[in-house]
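The values are calculated or read from the model by the stated rules, or taken from the named source; none is laboratory data. Fair warning: this is a prediction, and the values are worked out from it, not measured in the lab. With ideal geometry, Cβ positions are generated from the backbone for all residues, glycine too; neighbour counts draw on all protein chains shown. Side chains included, ligands, DNA and RNA excluded: accessible areas come from the protein's heavy atoms. Shrake-Rupley method; radii C 1.70, N 1.55, O 1.52, S 1.80 Å.
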Amino acid sequence: MPDAQENQAIGPKGSATGDGNNDGIADSTQAAVASFSAKTSSGSGTSVTLVADSQGGKVASGSHTRITSLEQKAAPAQTPKALETPIALTSFKATLETAGSTETFSLYVDPKIGANGYWLQDHSGTWVNLASSPYGGKMVDEGGRLRLDFTITDGGAFDADGQADGSITAPGAAAQMPLSIVGQAPDAAGGLWF
């Protein structure tokens with residue numbers, strides 16, 4: 001049986017004890033926090049934690065947001081060749097208190113997967129790094145974990161269902177884009193913007 005240190009080495013600190021965002025509260029008792037074990041492209045396992053209504057990776061006080069689905073899905077065939085998706089897509093659905101509102105999310109991943117952003121495809125097919133400053137996001141090294149902060153508007157360009165219906169659906173990727181690609185024209189498989 002692996003010890004706790006080995007378990008924590010595969011994911012965010014606290015994930016071995018069911019607290020992937022390390023807020024001292026079990027993820028299973030928080031409607032706005034969910035975790036799962038993803039398979040990497042090398043076949044190993046890694047923990048992934050999503051926090052909705054996030055304030056620095058912790059759930060906002062009085063939050064009514066609920067994560068209703070969080071799972072790993074295969075990356076689509078039209079993913080740009082330069083976009084490396086070591087844990088494929090992290091697909092989630094969250095219900096909001098107010099339809100049409102903008103929600104802040106934090107996705108915790110192991111920095112060993114090499115992600116340099118949270119990439120999501122908009123309705124025109126362009127892949128965008130929502131965890132970048134032009135989109136109001138950021139990447140934070142938090143005690144040896146990588147926290148990808150990003151926002152999505154219900155019914156907006158990055159809500160997969162395109163409806164301002166009180167629910168956000170997003171199949172995005174904690175992924176890596178080589179820096180040498182920055183500033184180059186998008187390939188035919190889909191546009192890229194940083």
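Of the options Ala82, Phe92, Asn129, report the single residue whose Cα projects farthest towards the positive end of the charge dipole of the range 75-135 (beta-carbon charges: Lys, Arg +1; Asp, Glu -1).
Ala82
Evaluate the distance, in nm, between pseudo-label points positioned 7 Å from the Cα of Glu97 and of Ala77 along their respective Cα→Cβ axes.
In this crude label model, Glu97 to Ala77 measures out at 4.4 nm.
Between Rg and the Kirkwood Rh of the range 22-71, both from Cα atoms, what is the Rg to Rh ratio?
Numbers: Rg = 12.1 Å, Rh = 11.8 Å.
Answer for the range 22-71: 1.03.
Please report, in Å, the Rg and the Dmax of the range 60-177, where both are computed over Cα atoms only.
13.6, 42
Top to bottom by accessible area (1.4 Å), largest first, where do Lys81, Lys58, Lys138 land?
If we order Lys81, Lys58, Lys138 from most to least accessible, we get Lys81, Lys138, Lys58.
With a 1.4 Å probe and every protein chain left in place, tell me how much accessible area Thr98 has, in Å² to the nearest 10.
Roughly 80 Å² of Thr98 is accessible to a 1.4 Å probe.
Using 0.36 nm times the number of residues separating Ile25 and His64, minus their current alpha carbon distance, what extension gain do you get?
Details: separation 39, 0.36 × 39 = 14.04 nm, distance 1.67 nm.
Net length gain for the segment: 12.4 nm.
For each pair in Lys58/Lys138; Lys81/Lys112; Lys39/Lys93; Lys93/Lys138, compute the distance between the two Cα atoms and list the pairs where it is over 18 Å.
Lys81/Lys112; Lys39/Lys93; Lys93/Lys138
What's the carbon and sulfur percent of the range 83-178's accessible surface, probe 1.4 angstrom, rounded to a whole number?
Details: 1630 of 3360 Å².
With neighbouring chains kept in place, the figure for the range 83-178 is 49 percent.
So, with +1 on the Cβ of K and R and -1 on the Cβ of D and E, and no other charges, what is the size of the charge dipole of the range 111-156 about its Cα centre, to the nearest 20 debye? Don't skip to the answer; put the middle values down first.
Numbers: 4 positive and 5 negative charges, 40 e Å.
Charge dipole, the range 111-156, about its Cα centre: 200 debye, nearest 20.
Keeping all protein chains in place, calculate the accessible area per residue for the range 19-68 (probe 1.4 angstrom), answer in Å².
45
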